[in-house]
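Asker: I'd like to ask you about the structure that follows.
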Amino acid sequence: MLELRLVQGSLLKKVLEAIRELVTDANFDCSGTGFSLQAMDSSHVALVALLLRSEGFEHYRCDRNLSMGMNLNNVSKMLRCAGNDDIVTIKADDGSDTVTFMFESPSQWILSHSVFFLYNFGQDKIADFEMKLMDIDSEHLGIPEAEYHAIVRMPSSEFARICKDLSSIGDTVVISVTKEGVKFSTKGDIGTANIVCRQNSTVDKPEEATIIEMKEPVTLTFALRYMNSFTKATPLSSTVSLSLSSELPIVVEYKIAEMGYIRFYLAPKIEDEEEDVKPQA
Amino acid sequence: MLELRLVQGSLLKKVLEAIRELVTDANFDCSGTGFSLQAMDSSHVALVALLLRSEGFEHYRCDRNLSMGMNLNNVSKMLRCAGNDDIVTIKADDGSDTVTFMFESPSQWILSHSVFFLYNFGQDKIADFEMKLMDIDSEHLGIPEAEYHAIVRMPSSEFARICKDLSSIGDTVVISVTKEGVKFSTKGDIGTANIVCRQNSTVDKPEEATIIEMKEPVTLTFALRYMNSFTKATPLSSTVSLSLSSELPIVVEYKIAEMGYIRFYLAPKIEDEEEDVKPQA
Amino acid sequence: MLELRLVQGSLLKKVLEAIRELVTDANFDCSGTGFSLQAMDSSHVALVALLLRSEGFEHYRCDRNLSMGMNLNNVSKMLRCAGNDDIVTIKADDGSDTVTFMFESPSQWILSHSVFFLYNFGQDKIADFEMKLMDIDSEHLGIPEAEYHAIVRMPSSEFARICKDLSSIGDTVVISVTKEGVKFSTKGDIGTANIVCRQNSTVDKPEEATIIEMKEPVTLTFALRYMNSFTKATPLSSTVSLSLSSELPIVVEYKIAEMGYIRFYLAPKIEDEEEDVKPQA
């Protein structure tokens, strides 16, 4: 039996909004350590990895490992029915082919998880949504820990704004990291654009800092379309980190407060073939 | 001659927005007692009844009963030209085939209803819109007073949210009332949903209460499409009441502050034919 | 060499939004006295004239007169990448076929205009956008100073609201000015509308006044489509002035704080041919 209770239910809504543009169907994997997901986008170019650790849940019961295949648009439809302050509980019986999302308004205490007892003891409003699970073939890729040439940490809203702005000019972004800063460039029919963010750690609020850890300078090119998809995760975290190496996919990571992270992986485009839309894995 | 002056002109705008999705053309009936409308929706499934009592108007003059046929989209276009704080006056001469809507900004006193005198005595801005009336055939249905098995009073925004949420899952809603609460359920391709609202009268604000008056439990099924149309009236009132009987159409009523009401009537669907879209009257 | 630095960069964004619906491609003319533009709309019915005087810029260097042809949608795309508080610098080298827009966030002082020195001395974020210039044939029309029968100054938001409201009823607006006020009227399939604004100078805030300077009464008819385009300039100024003469195009002028103006010119329609869409110059 599975029963996961998350007081901050809006976080699940944000997680779904962050990944459902990229991934249509995916397996959510539950184990004793947490609730996770790993999936390729439909064109098999980008990879998304989600982890919500069990400690982050108010109540976490997972009797045996479970892989639940879901259509993310359908999950999103159901989660959109939860109020922003609702407590969300995910439930599945062993061997069942359905999952239940339960939403409770937070104002009052609840004695029972059974809807029918709620009439007497529970809250003013309670909703449960039951969804059929799907069988989804998926290979779980091992993602090796890697050393990166450069790691840039910056405000997530700034990164989102830059990707959006550059998209109005071109299709790809060249990211160049030096000790002093990170430069985002693009080129298109109407002209060229360069946006430079200087390293700065002397800001009032730590989440507004731009911090660069660099072993060697690195310059890589990526498809802006995917970068813009990744920035759907911006509401989850005030900062984003970009990990770059010349031989490796970039990792765009959004931490999820105390609980885990969403990481997006995207292979760089080979510069010579920049006109070719298909990235090189 | 007809001359109705409503200080809270925004109320008329809300009334129009509440009904124009359901009804295209309708007769507005004016008599000594008030301003009213009764109309079926175009598929003759739902009925809307509006009453604005004469006492609610600042000035109400109706020399003889008058039935004015109007296209509600055109009325809405004109009313959208009124500011939210404007005073609205509806005028029609006896035997005239036009109606005039006059909008005055509320800041100053006005001595004359004639536009031309306004230059000297009146307000800074005044607008009048004249619209052709239409001949509309309509039978006025007598709606008998009925006893209902159950009446649910609840926050109108909550009811609107529930109808909207369930629409993302299914096409019909099953409403079940027991002493303890009211349950809204639906079923669709992606799964099922149940939302339970418990009776609660011990809330801080009376308009947030959910109150159930019940003679016997009742369970009825309705098309969500119509329910969602009815909730366009939500801005008119902070509460809504649902009156249910197994043999009768549901009445969804929004009170209009001190003045009257909008009532929507919808026949339940017969459960066995749930797949059939056409409700049974 | 050209280098224009405007602290209030959002003003340029507003200027572009004000004219790009009307004009697609246009020459921006730079001289010692200022930055200006004059262009006809694509159907050669309306004329727009922009002036930003050199004194309004923080830094204004223009070594020789320069006419820079630009596609306004492309300029708008680039300017939308500027933050609302950004300082905008426009740069062009003599003989160059490109123009550069540079955006700096305003929080810090910047020592150099070179992007590459910025790493050491400059701001946290700096963006530069380079755009190809175009060759655009255009005749510069001399607009003679004229005496107008009537000049109406009124709140720009009120004028915008009136044009929008009347557009929901008809296609043309009749503007009648008398000593007491200005009347905007229209007629359409669904009815007629008249909006009267009385002269009032005794308001608390001068920008809310409606002031009429009149030598003789004047009544003219204009296409609402163009009037609505002109009101895109509303964010630039809290007041608008309408200059009318029976033999001349109307001038709809929005002052740009301390710096200059946008003026729109539109020929009146000849009343007898009101059904004919093409105005008479």
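The values are calculated or read from the model by the stated rules, or taken from the named source; none is laboratory data. Quick caveat: nothing in here was measured; it's all calculated off a predicted structure. Counting neighbours? That spans all protein chains shown, and the Cβs are built from the backbone with ideal geometry, glycine included.
Asker: Could you tell me whether residue A:229 is closer than 22 Å to residue A:38 by Cβ, away from every other protein chain (no Cβ under 11 Å) and part of a strand (DSSP E or B)?
Answerer: no
Asker: Moving on. Taking the options B:57, B:101, name whichever one is over 23 Å from residue B:253 (Cβ atoms) and among the aromatic types (Phe, Trp, Tyr).
Answerer: Unique residue meeting the criteria: B:101.
Asker: Inspect segment C:221-232 for any residue being of a type in the set (Lys, Arg) and more than 30 Å from residue C:53 (Cα to Cα) and give the result as yes or no.
Answerer: no
Asker: Still on this structure: Give the residues of segment A:53-99 that are acidic (Asp, Glu) and surrounded by 19 or more Cβ atoms within 10 Å (Cβ to Cβ), sorted by residue number.
Answerer: A:86, the sole residue that qualifies.
Asker: Every residue in segment A:200-226 that is under 21 Å from residue C:104 (Cα atoms) and over 25 Å from the mean Cα position of the chain (by Cα), please.
Answerer: A:200, A:201, A:202, A:203, A:204
Asker: Here's another thing I want to ask about it. Read through the list (1) under 15 Å from residue C:71 (Cα atoms); (2) free of Cβ contacts under 8 Å to residues at least 60 places away in the same chain, then give the number of the only condition that residue C:35 fails.
Answerer: Answer for residue C:35: the failing condition is (1).
Asker: If you scan segment C:126-145, which residues turn out to be among the β-branched types (Val, Ile, Thr) and part of a loop (DSSP other than H, G, I, E, B)?
Answerer: Matches in segment C:126-145: C:136, C:143.
Asker: Another one. Taking residue B:236 and the conditions (1) within 22 Å of the chain's Cα centre (by Cα); (2) more than 10 Å from chain A (Cβ to nearest Cβ); (3) surrounded by fewer than 17 Cβ atoms within 10 Å (Cβ to Cβ), which numbered condition does it fall short on, given that it satisfies the others?
Answerer: In the conditions (1) within 22 Å of the chain's Cα centre (by Cα); (2) more than 10 Å from chain A (Cβ to nearest Cβ); (3) surrounded by fewer than 17 Cβ atoms within 10 Å (Cβ to Cβ), residue B:236 misses (3) alone.
Asker: Follow-up question, since we're still on this one. Does any residue in segment A:4-28 that is farther than 18 Å from residue A:81 by Cβ come within less than 6 Å, Cβ to Cβ, of a residue that is of a type in the set (Lys, Arg) and surrounded by fewer than 21 Cβ atoms within 10 Å (Cβ to Cβ) six or more places away or on a different chain, and which pairs are these?
Answerer: Here the result reads A:18/A:232; A:21/A:232, each pair linking segment A:4-28 to a residue that is of a type in the set (Lys, Arg) and surrounded by fewer than 21 Cβ atoms within 10 Å (Cβ to Cβ).
Asker: Just one of (1) crowded, with 22+ Cβ neighbours inside 10 Å; (2) at the interface with another protein chain (Cβ under 9 Å from one of its Cβ atoms) trips up residue C:168, so point out which.
Answerer: (1)
Asker: If you don't mind, another one. Within segment C:171-184, count every residue that is polar (S, T, N, Q), within 25 Å of the chain's Cα centre (by Cα) and surrounded by fewer than 21 Cβ atoms within 10 Å (Cβ to Cβ).
Answerer: Selection size over segment C:171-184: 1.
Asker: Determine, yes or no, whether residue A:187 is buried (at least 17 other Cβ atoms within 10 Å of the Cβ) and not in a loop (DSSP other than H, G, I, E, B).
Answerer: yes
Asker: Here's something else I'd like to know. Considering segment C:100-143 alone, what residues qualify as being over 20 Å from residue A:191 (Cα atoms), surrounded by fewer than 21 Cβ atoms within 10 Å (Cβ to Cβ) and at pLDDT below 55?
Answerer: C:108, C:109, C:110, C:111, C:112, C:117, C:119, C:120, C:121
Asker: Return the pair list, or none, for Cβ contacts closer than 6 Å from residues in segment B:172-200 that are facing another protein chain (nearest Cβ under 7 Å) and touching a residue at least 12 places away in the same chain (Cβ under 8 Å) to residues that are crowded, with 20+ Cβ neighbours inside 10 Å and aromatic (Phe, Trp, Tyr), at least 6 apart or on different chains.
Answerer: Short answer, once both residue conditions are applied: B:193/A:129; B:195/B:184.
Asker: Could you say whether any residue in segment B:252-259 is at positive phi, in contact with a helix residue (DSSP H, G or I) (Cβ under 9 Å, 6 or more places away or on another chain) and not in a helix (DSSP H, G or I)?
Answerer: Checking segment B:252-259: at least one residue is at positive phi, in contact with a helix residue (DSSP H, G or I) (Cβ under 9 Å, 6 or more places away or on another chain) and not in a helix (DSSP H, G or I).
Asker: Still on this structure, I have one more. Would you check if there is a residue in segment A:69-84 being more than 12 Å from chain B (Cβ to nearest Cβ) and modelled with pLDDT of 95 or more?
Answerer: Yes; the residues of segment A:69-84 include at least one that is more than 12 Å from chain B (Cβ to nearest Cβ) and modelled with pLDDT of 95 or more.
Asker: Here is a further query. Based on what the data block shows, is residue C:148 away from chain B (no Cβ under 14 Å), assigned to a helix (DSSP H, G or I) and in contact with a strand residue (DSSP E or B) (Cβ under 7 Å, 6 or more places away or on another chain)?
Answerer: For residue C:148, the condition - away from chain B (no Cβ under 14 Å), assigned to a helix (DSSP H, G or I) and in contact with a strand residue (DSSP E or B) (Cβ under 7 Å, 6 or more places away or on another chain) - is not met.
Asker: Further, regarding this structure: Given B:187, B:183, which one is in contact with a helix residue (DSSP H, G or I) (Cβ under 9 Å, 6 or more places away or on another chain) and within 18 Å of residue A:129 (Cβ to Cβ)?
Answerer: Going through B:187, B:183 in turn, just one is in contact with a helix residue (DSSP H, G or I) (Cβ under 9 Å, 6 or more places away or on another chain) and within 18 Å of residue A:129 (Cβ to Cβ): B:183.
Asker: Collect the residues in segment A:199-214 that are part of a strand (DSSP E or B) and either in contact with a Pro (Cβ under 8 Å, 6 or more places away or on another chain) or buried (at least 20 other Cβ atoms within 10 Å of the Cβ) (or both), keeping them in residue-number order.
Answerer: A:210, A:212
Asker: What is the number of the single condition among (1) part of a helix (DSSP H, G or I); (2) away from chain A (no Cβ under 14 Å) that residue B:159 does not meet?
Answerer: Just one mismatch for residue B:159, condition (2).
Asker: With (1) in a loop (DSSP other than H, G, I, E, B); (2) more than 25 Å from the chain's Cα centre (by Cα) as the list, and residue C:194 as the residue in question, which single condition is left unmet?
Answerer: The failed condition is (1).
Asker: Another question, if that's okay. So which residues in segment A:73-102 are in contact with a helix residue (DSSP H, G or I) (Cβ under 7 Å, 6 or more places away or on another chain) and closer than 22 Å to residue A:1 by Cα?
Answerer: Passing the criteria: A:75, A:79, A:88, A:101.
Asker: Further question on the same structure: Could you list, in sequence order, the residues of segment A:53-77 that are part of a helix (DSSP H, G or I) and closer than 15 Å to residue A:29 by Cβ?
Answerer: Within segment A:53-77, A:54, A:72, A:75 qualify.
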